[in-house]
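K.L.:
Got a structure for you, written out below as C-alpha cells; questions coming shortly.
Each value in this text was obtained by applying a stated rule to the coordinates, not by laboratory testing. Computed from a prediction, not measured in an experiment: that's the story for all the values here. Cβ placement follows ideal geometry from the backbone for every residue including glycine, while neighbour counts extend to all protein chains displayed.
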Amino acid sequence: MDKTLTLRRPDDWHLHLRDGEMLQAVAPHSAAFGRAIIMPNLVPPVVTGEQARAYRERILAALPDGAALQPLMTLYLTETTDPADVVAAHRDGIIAAVKLYPAGATTNSASGVTDFDRVRPVFEAMAEADVPLCVHGEVTDPEVDIFDREAVFVDRVLDPIRRATPGLRVVMEHITTADGVDYVRDHAVGGAMGGTITTHHLVINRNAILAGGIRPHYYCLPVAKRERHRLALRAAATSGQGPFFLGTDSAPHPDRAKLQPCGCAGCFTAPNTVSILAQVFEQDGALGQLEAFTSLNGPAFYGLPPNEDRIRLSRHQTPVTFPQEIAAGDETVTVFDPGFPLFWHTEPA
C-alpha cells in the first residue's frame, strides 16, 4: 500500500434493503456503515409507525453479529397518511423522516402521491414537529421527457411545497442534474434543504447506459443524465459543502428482473461504494473532502452527532477485487461495476 486515509465511519442517507431473502442477502453489505436511512417502498409499503418498527426489527435480525449499522426508518407518504401517526412515530424515535414518491416515479411507487393538496396537512404537521421530508424528485407526466423530469419537479412540485409550508426541511434525494444541485445550494440556509448524491451518479452518464449497446445494470431512476450534469454532481460532492451528503440509493434487484424487456431500475453499489468514492475523490484531488461528504454533512442535517469510531482506507498498488454478483436465495444480484480499477480498500481503524 502507498497511502492511508482515516475517516469517521460513513453513513448512508438513502438505502434500499428490501425484505425476505433479499434483505438477508444484501444487509451484510451495508453493515459497516454507521447509520442508514431505509427506504419504505416495500410491497406493501411501510406506511405506519408500527410497520416501520416491525421492519426495523427484521433488518436488525438480518445483520451479522457486531454490525455497526443503525437503521433509521422512514414512512411512505400516501394520500391517507395520518399526520398524528407521523408525528408520534418521529417523537418516539421510530422514524427519522417521511418519504415522498410521486405515484409511478420508481420501483414500488404505485401508492405514491398524485394530489399534493391532499397531503398538505401532513406537511404542516411535519414542519411543526421538525420531521424531514425526503423526496424522489421527478414528475411522472408522460409528456415530460425522462431526462427533464427532475428539473420540472423542482419548478412544479418541490418549490411550491416549500413555499406553501415554511419550516418544512427537505432532502432532495439522488440529485442527478445541475438544476438540482443549484436548487439545493441556493435554499440550504439554516438547514432548510439537503441533497443526497449517489455513488453511481458520480461515475456514469447516460452514455454508459446506451452507447455501444444497452447496459441494464446501469439503468436507474432517476436515470443518469448528460456529462455536464455528472460533472456538476462531482463538483458538489467533492466541494465538502454542507448541504450535500452521501445517499447511495443502493437498490438490489434480481438479475432475472433486470434482464427483461421492461427491466427494473436500480444499481446495487453497497459492496464497493466506499472504494469507488475514494477513487472518485482522489481523481478530483479532493480526498480531504471525502469525510465531509460521507460522514459529517448528513448527520449535521439530521441533527445527529457524527460517528465517533473510524474506518481506515488503504490505497493498494494493485486493484482490489469485489464480487461481480451476490446470491439472494435462488437469485443473483449484479454488483455495480464503475468501469475503472479500484485501489482503495476499507480496513479497521
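K.L.:
Tell me, rounded to the nearest percent, the portion of alpha carbon pairs in the range 146-205 spaced more than 14 Å apart.
P.N.:
Numbers: 976 of 1770 pairs.
Roughly 55 percent, rounded to a whole number.
K.L.:
Let me ask something else about it. Applying 1/(1 + (r/R0)^6) with R0 = 45 Å to the Cβ-Cβ distance of Ala211 and Glu128, what FRET efficiency is obtained, to the nearest 0.05?
P.N.:
Numbers: r = 49 Å, r/R0 = 1.08.
Computed FRET efficiency for Ala211 and Glu128 comes out at 0.40.
K.L.:
Also, quick follow-up: What ranking do 318-324, 75-81 get when scored by the average of other Cβ atoms within 10 Å per residue, highest first?
P.N.:
Numbers: 318-324: 12.3, 75-81: 20.0.
Answer by packing, highest mean first, reads 75-81, 318-324.
K.L.:
Find how much the distance from Ala164 to Gln70 grows on full extension, using 0.36 nm per residue of separation minus their present alpha carbon separation; answer in nm with one decimal. Intermediate results must be reported in sequence, preceding the final value.
P.N.:
Numbers: separation 94, 0.36 × 94 = 33.84 nm, distance 3.33 nm.
Contour length minus Cα-Cα distance gives 30.5 nm.
K.L.:
Still on this structure: For the range 112-152, taking Cα atoms only, what is the radius of gyration to one decimal and the Dmax to the nearest whole Å?
P.N.:
Rg, Dmax (Cα atoms, Å): 12.9, 37.
K.L.:
Can I ask one more? Starting from the Cα of Lys258, draw a straight line to each of the lysines and keep only those under 26 Å, dropping any in the same chain fewer than 8 residues away.
P.N.:
Reachable lysines: Lys99, Lys225.
K.L.:
Quick one: the Cα spread of the range 4-43 along its three principal axes, in angstroms, biggest first?
P.N.:
41, 18, 11
K.L.:
Angle, helix 273-283 long axis vs. longest principal axis of the chain, Cα atoms, 0 to 90°, nearest 10?
P.N.:
Value to nearest ten degrees: 70.
K.L.:
While we're on this one: For the range 11-84, how big is Rg over Rh, using alpha carbon atoms and the Kirkwood form of Rh? Write down the numbers at each step before the final one.
P.N.:
Working: Rg = 12.2 Å, Rh = 12.5 Å.
In the range 11-84, Rg relative to Rh is 0.98.
K.L.:
Would you work out the charge dipole size for the range 87-227 about its Cα centre, treating the Cβ of every Lys and Arg as +1 and the Cβ of every Asp and Glu as -1, and quote it to the nearest 20 debye?
P.N.:
Values: 14 positive and 19 negative charges, 68 e Å.
With Lys and Arg at +1 and Asp and Glu at -1, about 320 debye.
K.L.:
Pull out the extension gain between Arg53 and Arg156, defined as 0.36 nm times the separation in residues minus the alpha carbon to alpha carbon distance; nm, one decimal.
P.N.:
On the way: separation 103, 0.36 × 103 = 37.08 nm, distance 3.36 nm.
Net length gain for the segment: 33.7 nm.
K.L.:
Starting from 0.36 nm per residue, how many nanometres of slack lie between Ala257 and His316 once their C-alpha separation is accounted for? Display every interim value, and only then the final one.
P.N.:
On the way: separation 59, 0.36 × 59 = 21.24 nm, distance 3.54 nm.
My answer for the length gained is 17.7 nm.
K.L.:
Equivalent-ellipsoid semi-axes (√(5λ), Cα gyration tensor) for the chain, whole Å, largest first? Show your work: numbers first, answer last.
P.N.:
On the way: eigenvalues 162, 99, 93 Å².
Calculated on Cα positions only, the semi-axes equal 28, 22, 22 Å.
K.L.:
Something else about it: Let me have the relative contact order for the range 78-196, percent, based on Cα pairs under 8 Å that are six or more residues apart. Kindly include the intermediate steps, with their values, before the conclusion.
P.N.:
Details: 177 pairs, mean separation 27.2, N = 119.
Here the relative contact order equals 23 percent.
K.L.:
Where the convex hull is taken over the Cα atoms of the range 242-349, what is its projected area averaged over directions, in nm²?
P.N.:
Numbers: hull surface 35.5 nm².
For the Cα atoms of the range 242-349, the hull's average projected area reads 8.9 nm².
K.L.:
Let me ask something else. Over the Cα atoms of the range 90-215, what is the Rg over Rh ratio if Rh follows Kirkwood?
P.N.:
Values: Rg = 15.4 Å, Rh = 15.6 Å.
For the range 90-215, the value is 0.99.
K.L.:
Next question. Once the Cβ-Cβ distance between Leu60 and Gln324 is put in as r, and R0 is 22 Å, what FRET efficiency do you end up with, to the nearest 0.05?
P.N.:
Working: r = 29 Å, r/R0 = 1.30.
The calculated FRET efficiency here is 0.15.
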